[in-house]
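The structure under discussion appears below in the form of structure tokens.
The values are calculated or read from the model by the stated rules, or taken from the named source; none is laboratory data. The structure displayed is predicted, hence computed values, not measured ones. Ideal geometry is used to build each Cβ from the backbone, glycine not excepted, and the neighbour counts take in all protein chains shown.
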Amino acid sequence: MIKSGLPISGMEIKADRPEPIISDIDVVLFNRRMDPQVAIDALVDDYYVLVNDFYSSGILVLNELKKYLKNNTIDKSYREQHDSRSAFRELSHKLLLEIRKNKIAVKKAPEIGWLKTLYPDLNDFLLPFPQVQGLNSSWQWYQKGIAIPVLQRKIHPWFGTYFPTRFEHLELFDNWLKDYKGDKKSAIDIGTGSGVLSFQLLKHGFEKVYGTDSNPNAIIGVKEDLIVNNLQSKMELFHGDLFANCKIKTELIVFNPPWIPAFHAIDGIDKAIYYEPDIFTRFFAEAKNHLKENGRIVLLFSNLAQITKVGELHPIEAELSVNNQFKKESFVQKKVAPASKNSRRDQHWRSSERVELWVFKSEK
């Protein structure tokens with residue numbers, strides 16, 4: 001954890017980062033002249049393994065580890081596959097790289113700018129190889145940027161921040177905003193993430209947007225985007241769960257919650273993907289205190305959980321059945337595009353998936 005140096009609503013927040021190993025630990029050294037099975041045996045025996053020659057040596061070990069676990073998975077059931085993935089995560093995080101003066105201390109390693117940004121206080125430490133890979137991937141996305149069609153520009157997502165890779169729900173929201181006739185003095189974007197919904201609101205003429213997020217890295221990233229695009233005066237950010245410490249009453253509240261129910265403890269970026277059981281109940285209870293008379297709530301969601309059988313009840317419908325504080329004003333669905341032919345995942349369900357836009361008004 002480091003200080004971000006960015007004031008957010010009168011406070012300074014700290015960025016999340018992969019936890020560095022700074023204590024002295026015993027390691028087994030590995031290089032490309034050795035049999036990868038030596039490293040795998042050490043990992044299975046609960047030893048740490050330190051790659052000390054080439055970056056590609058670590059990739060070799062990880063590939064061999066996947067083969068080892070696959071060959072030792074007898075039952076191909078979903079549960080067994082899940083356990084195998086969990087085992088891979090546990091073992092692979094004992095494969096380490098040394099970071100020295102903000103650089104990976106092996107040959108032919110990628111340059112990762114996050115190392116300097118996230119670890120200015122450390123000169124020499126260790127990180128698990130998969131976390132270095134994650135930092136590298138994130139750095140590439142950050143530098144390259146993600147083109148967002150509804151914004152007609154790129155965003156540059158900060159490390160550990162969720163960003164959209166599909167845009168149907170953003171198109172739904174953009175079309176709704178084009179037809180929106182209400183006041184545009186202010187809006188609240190709950191769980192702003194990489195800020196796309198907030199930037200859509202600003203594009204469509206809202207004078208002020210208040211964005212919240214429980215992920216400090218999302219707040220830091222959006223703040224950076226605001227500065228780059230000279231929009232600091234148009235948006236105020238709040239770090240915290242749901243409405244955080246925002247006391248504003250507004251005419252529009254926007255929320256794009258996670259689409260899949262969580263069946264395990266979640267933290268970090270997983271909070272942008274999986275929702276906790278009480279999130280919708282808490283959201284509607286708090287929204288009542290932040291909505292002006294005749295104000296609206298817009299929820300962007302999907303039937304993903306229902307068609308993949310990971311959730312029986314639609315959580316918004318379930319909440320409406322017991323909550324009489326809000327009235328559904330409109331509901332729109334949009335079919336999603338087929339999965340890429342290059343995708344390795346079985347996504348046959350995509351033909352049945354629909355993204356959803358729900359609009360609610362407060363009941364008097």
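A few notes on this one:
- Some residue of the range 127-139 being part of a loop (DSSP other than H, G, I, E, B) and either exposed (fewer than 14 other Cβ atoms within 10 Å of the Cβ) or without any contact (Cβ under 8 Å) to a residue 60 or more places away in the chain (or both): no
- Residues satisfying the stated conditions in the range 55-72, i.e. of a type outside the set (A, V, I, L, M) and under 24 Å from ILE22 (Cβ atoms): TYR55, SER57, GLY58
- Being within 20 Å of SER186 (Cα to Cα), over 17 Å from the mean Cα position of the chain (by Cα) and not in a helix (DSSP H, G or I) is a description that does not apply to GLU286.
Rundown of residues vs (1) closer than 23 Å to ASP213 by Cα; (2) touching a Pro at 6+ places or on another chain (Cβ under 9 Å), yes/no style:
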{"position": "PHE125", "(1), (2)": "no, yes"}
{"position": "SER138", "(1), (2)": "yes, yes"}
{"position": "TYR142", "(1), (2)": "yes, yes"}
{"position": "PRO157", "(1), (2)": "yes, no"}
{"position": "LYS178", "(1), (2)": "no, no"}
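- Candidates TRP176, TRP158, TRP114: the one that is on the phi < 0 side of the Ramachandran plot, within 24 Å of the chain's Cα centre (by Cα) and assigned by TED's automatic domain parsing to the domain that holds ALA244 is TRP158.
- Unmet requirement for ASP16, which otherwise passes all of (1) at pLDDT below 95; (2) out of contact with any Pro (no Cβ under 7 Å at 6 or more places or on another chain): (2)
- Any hit, the range 103-120, residues being loosely packed, with under 14 Cβ neighbours inside 10 Å, acidic (Asp, Glu) and not in a loop (DSSP other than H, G, I, E, B): no
- In the range 268-290, the residues that are under 11 Å from ILE253 (Cβ atoms) form Cβ pairs under 8 Å with partners that are outside any strand (DSSP E or B) and among the polar types (S, T, N, Q), at six or more places apart or across chains, as follows: PHE284/ASN323; PHE284/GLN325; LYS288/GLN325.
- Scanning the range 91-120 for residues that are under 25 Å from PRO216 (Cβ atoms) and touching a Pro at 6+ places or on another chain (Cβ under 6 Å) returns a single hit, HIS93.
- Positions within the range 315-341 being at pLDDT below 80 and of a type outside the set (Ser, Thr, Tyr), in sequence order: ASN323, ASN324, ALA337, PRO338, ALA339, LYS341
- Test: GLY205 is within 20 Å of ALA272 (Cβ to Cβ) and of a type in the set (Gly, Ala, Ser): no
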